[in-house]
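Asks: Below are the structure tokens for one structure; questions will follow.
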Amino acid sequence: MHPLTLYALEVTRDRDREINAERLLAEQRRALSDPDAGRRLSGLRHPVAVVLAAFSRGSAAAVRRLDECVADDLGRALSPSE
């Protein structure tokens, strides 16, 4: 890999760290200035998290069923014919 590419990746990681640190500081300042802000946000986050978890479980179940079907078909295709 080219040295300038490595340098660009490192600069990008540094910027991401700085942005994340600034975001965390802003959240902390907001939490200190408005103690009820966390409760209001969690009232919205919880239902969204429940919906996303249900979607994730449903898609995982569908993938498992599809995987079983593909594995069965592959097993039949690779088995010695009589």
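Throughout, read-outs are computed from the coordinates displayed, never taken from laboratory work. Only a predicted model underlies this, so the values are computations on that prediction, with no experimental measurement involved. Don't worry about glycine lacking a Cβ; one is built from the backbone with ideal geometry, like all the others, and counts go over all protein chains shown.
Asks: Can you tell me the orientation of helix 3-33 relative to the chain, as the angle in degrees between its alpha-carbon axis and the longest Cα principal axis, to the nearest 10?
Replies: 60 degrees
Asks: Right, another one. Just subtract the alpha-carbon distance of Leu4 and Glu27 from 0.36 nm times their residue separation and send over the number in nm, one decimal.
Replies: Gain in length upon complete extension: 4.8 nm.
Asks: Percent of Cα-Cα pairs more than 20 Å apart in the chain, please.
Replies: Working: 2323 of 3321 pairs.
Within the chain, distances greater than 20 Å cover 70 percent of Cα pairs.
Asks: Give me the net charge for the shell around Asp16: Cβ to Cβ below 13 angstrom, other residues only, Lys and Arg +1, Asp and Glu -1.
Replies: On the way: positive: Arg13, Arg15, Arg17, Arg23; negative: Glu10, Asp14, Glu18, Glu22.
Its environment carries a net charge of 0.
Asks: What net charge do the residues around Ala71 carry, taking every other residue with its C-beta under 14 Å from that of Ala71, with Lys and Arg at +1 and Asp and Glu at -1?
Replies: Details: positive: Arg64, Arg65, Arg76; negative: Asp67, Glu68, Asp72, Asp73.
With Lys, Arg at +1 and Asp, Glu at -1, the neighbours total -1.
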